[in-house]
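The values are calculated or read from the model by the stated rules, or taken from the named source; none is laboratory data. Predicted model only: the values in this text are computed from it and were never measured. Note: ideal-geometry Cβ built from the backbone for every residue, glycine included; neighbour counts use all protein chains shown. Areas reflect the complete protein model, heavy atoms only, side chains present, ligands, DNA and RNA absent. Shrake-Rupley method; radii C 1.70, N 1.55, O 1.52, S 1.80 Å.
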Amino acid sequence: MIQDKTVFFTRCPSLPFVEMRSANRSAACYHTHSHDEFSFGVIDTGSADYHNLNQRNHIAKGSTVTINPGDAHSCNPDKGEWSYRMLFVDTHWISQLQQELFECEGMDYLPFPGLYDNQTQSFFQFDQLFQALLVPNSKLAAETLLIEFLKKQFAKGFRL
């Protein structure tokens with residue numbers, strides 16, 4: 001079954017501090033750039049060359065990426081088209097969550113240590129979160145899944 005090419009970029013209806021992007025069968029290339037917010041993404045089909053800071057990695061279906069605010073990065077498909085989804089989460093909101101979890105008031109934010117992983121569990125957790133964020137009026141469920149997802153990201157290098 002061939003799926004249509006689709007792209008959307010929207011603010012989450014339940015959590016306004018989260019923006020969502022989905023690209024299906026896209027040939028888009030992204031040269032080196034950065035974002036003001038934290039970015040998390042998955043590749044649904046295809047593969048790509050992912051360069052974040054001084055690390056270059058080959059990522060493919062099932063890979064999950066984490067991009068800290070201000071990190072210069074690029075991600076480009078290897079051959080032809082790819083499909084991916086991204087979440088852009090407000091830096092101030094994550095900073096507040098970190099302060100609560102780590103009991104360290106007054107800091108800006110802690111960058112996430114892991115830039116990508118290929119664990120199936122991370123992919124499925126991201127997928128569940130993304131689907132919940134699409135549902136209007138699901139603030140509690142969506143925020144709970146977001147916090148659980150972020151706690152797993154924190155656990156890759158921080159003590160909880």
Normalising by the residue count of the chain, find the relative contact order in percent from Cα pairs under 8 Å and 6+ residues apart. 25 percent
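Subtract the Cα-Cα distance of M107 and K79 from 0.36 nm times their separation in residues, and report this length gain in nm to one decimal.
On the way: separation 28, 0.36 × 28 = 10.08 nm, distance 4.20 nm.
Gain in length upon complete extension: 5.9 nm.
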Filtering GluC sites (Glu not before Pro) in the stretch 94-126 by DSSP loop and by at most 15 other Cβ atoms within 10 Å leaves E103, E105
Can you show me the helix-derived [θ] at 222 nm for the chain, built from DSSP H runs with n ≥ 4 at -39,500 (n - 2.57) apiece and divided by the number of residues, rounded to the nearest 500. -9000 deg cm²/dmol
Taking the stretch 1-51, which trypsin sites (Lys or Arg not before Pro) meet the DSSP loop condition and have no more than 12 other C-beta atoms within 10 Å? K5
If you stretched the chain out fully between K61 and A28, how much longer would it get, using 0.36 nm times the residue separation minus the C-alpha to C-alpha distance? 10.2 nm
So which trypsin sites (Lys or Arg not before Pro) in the stretch 41-113 end up in coil per DSSP with only 13 or fewer other C-beta atoms within 10 Å? K79
Accessible solvent surface per residue of the stretch 1-72, calculated while the other protein chains remain in place, 1.4 angstrom probe, Å²: 53 Å²
Under the rule of at least 5 residues apart or a separate chain, name every residue whose amide H is placed under 5 Å from the amide H of H35. G70, D71
At 7 Å along Cα-to-Cβ for each site, give me the label-to-label distance between S95 and T144 in nm. 2.9 nm
Measuring from the longest principal axis of the C-alpha atoms of the chain, the long axis of helix 91-102 (C-alpha) lies at a number of degrees, nearest 10, equal to 50 degrees
What does the charge count near H58 come to, summing +1 for each Lys or Arg and -1 for each Asp or Glu among other residues with Cβ under 11 Å from its Cβ? -1
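Rank S138, S34 by accessible area, highest first, at a 1.4 Å probe radius?
S34, S138
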How many nm is it between the label spots at N54 and T6, if each spot is 7 Å from the Cα in line with the beta carbon? 4.2 nm
³J(HN,Hα) across the stretch 137-153 via Karplus (A = 6.51, B = -1.76, C = 1.60, θ = phi - 60°), whole Hz, x for Gly/Pro? 6, 10, 3, 5, 5, 5, 5, 4, 5, 5, 5, 5, 4, 5, 4, 5, 5
Solvent-accessible surface (1.4 angstrom probe) belonging to K139, in square angstrom, nearest 10: 110 Å²
